[in-house]
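Trainee: I have a structure here, written as C-alpha cells, and I will follow up with some questions on it.
Read the figures in this text as sums done on the coordinates, not as results from a lab. All values derive from a computational prediction rather than experimental measurement.
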Amino acid sequence: VGGPKWDNNPKELRPETGLLGIRKALGLFSNIRPATVFDCLKEASTLKPEVLEGTDLIVVRELTGGIYFGEKFRREGAGGEEAVDTCVYNVTEIERIVRQAFAIARTRRKKLASVDKENVLETSRLWREVVNRIAPDYPDVELEHVLVDNCAMQLLRRPSSFDVIVTENMFG
C-alpha cells in the first residue's frame, strides 16, 4: 500500500491511513506471512542455497496495536521540532495474537519464536510476560524468545531453524 504517487499527500489522503482504519474497524488483528523457499528459486537469492535449504516459516504479525495505532504528535524540543509515536499494547491484544501463533505452531513443527525488544521496551516486557503466562497452555510447542535485532540476523544466517514467529506490529 502506498508509493511515490501518494508520498506528498497529507496523512489523511494517503492509502495506508485508510488501510489502518479498515484493519481497526474490522478487528483484523493478525497478518499471517508464510515464507517458503522453493528449490527452483534457491539460486535466485543473494543468500547461499545451503543457508536457504529447508526454509519454511510463518510470521504471525499483530496488526491493530502498537506504534501504528498509538498517539502521534509533534512538539518543539531543545533540538528543534520533535515527532512522537507512542507504542501501546494491552494484555488482550497480545494474548489473542500469541494464542493464534501457538495454534498455528501446533499444526507445523511445534516451534514458536516470540520476537520482542524486552531488554529496552516496556511494551516488550509486557509482551514477554503474557507469552510466558500462555505458554503452559501449549506444552507441546517449544517456545523461544528472540530479540528483534537478533531475529533479523538469524533469519539471514539460519532461516530454516524458524517455524512460527510471532511479533508485534512494527517488528513484523
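Trainee: Using the Kirkwood radius over C-alpha pairs as Rh, can you work out the diffusion coefficient of region 28-123 via Stokes-Einstein at 4 °C, viscosity 1.567 mPa s, in µm² per second?
Mentor: Translational D for this selection: 78 µm²/s.
Trainee: Karplus couplings for region 86-98 from phi (6.51 cos²θ - 1.76 cosθ + 1.60, θ = phi - 60°), rounded to Hz, Gly and Pro as x?
Mentor: Whole-Hz 3J(HN,Hα) from phi for region 86-98: 8, 9, 10, 9, 10, 4, 4, 4, 5, 4, 5, 6, 5.
Trainee: For helix 122-134, what angle does its Cα long axis make with the longest principal axis of the chain, in degrees from 0 to 90 and rounded to 10?
Mentor: With both axes taken from Cα atoms, the answer is about 40 degrees.
Trainee: Would you compute, for the Cα atoms of the chain, the largest minus smallest coordinate along each principal axis and list the three values in descending order, in whole Å?
Mentor: That works out to 49, 41, 36 Å along the principal axes.
Trainee: Using Cα pairs closer than 8 Å and at least 6 residues apart in sequence, work out the relative contact order for the chain, in percent. Provide the component values of the computation, followed by the final result.
Mentor: On the way: 279 pairs, mean separation 44.9, N = 172.
Relative contact order here is 26 percent.
Trainee: Collect residues whose amide H, placed 1.01 Å from N in the peptide plane, falls under 5 Å from the amide H of Ser30; neighbours closer than 5 in sequence don't count.
Mentor: When sequence neighbours closer than 5 places are left aside, the close amide H contacts are Leu63.
Trainee: Return the percentage of antiparallel bridges among DSSP beta bridges fully within the chain, rounded to the nearest 5 %.
Mentor: Values: 13 of 27 bridges.
DSSP beta bridges in the chain are roughly 50 percent antiparallel.
Trainee: Further question: Using the Karplus equation 6.51 cos²θ - 1.76 cosθ + 1.60 (θ = phi - 60°), what ³J(HN,Hα) coupling, rounded to whole Hz, does each residue of region 68-81 give in order, writing x for Gly and Pro?
Mentor: Rounded to whole hertz, the list is 5, 10, x, 4, 10, 6, 10, 8, 8, x, 4, x, x, 5.
Trainee: Continuing with this model, one more query. Angle check, please: helix 15-26 long axis (alpha carbons) against the longest principal axis of the chain (alpha carbons), in degrees 0 to 90, nearest 10.
Mentor: 70
Trainee: Between Glu43 and Arg133, 0.36 nm times their residue separation minus their Cα-Cα distance comes to what? Write down the numbers at each step before the final one.
Mentor: Details: separation 90, 0.36 × 90 = 32.40 nm, distance 4.20 nm.
Net length gain for the segment: 28.2 nm.
Trainee: For Glu122 and Ile22, compute 0.36 nm times the residue count separating them, minus their Cα-Cα distance, and round to one decimal in nm. Kindly include the intermediate steps, with their values, before the conclusion.
Mentor: Details: separation 100, 0.36 × 100 = 36.00 nm, distance 2.75 nm.
Length difference between fully extended and current span is 33.2 nm.
Trainee: Cα-based count: Lys pairs in region 42-169 below 29 Å, eight or more positions apart or different chains? Mind showing how you got there, number by number?
Mentor: Details: Lys42/Lys110; Lys42/Lys111; Lys48/Lys110; Lys48/Lys111; Lys48/Lys117; Lys72/Lys117.
Close lysine pairs found across region 42-169: 6.
Trainee: Got a sec to turn the phi values of region 164-172 into Karplus ³J(HN,Hα) couplings, 6.51 cos²θ - 1.76 cosθ + 1.60 with θ = phi - 60°, whole Hz, x for Gly and Pro?
Mentor: Coupling constants for region 164-172: 10, 10, 10, 7, 7, 3, 5, 6, x Hz.
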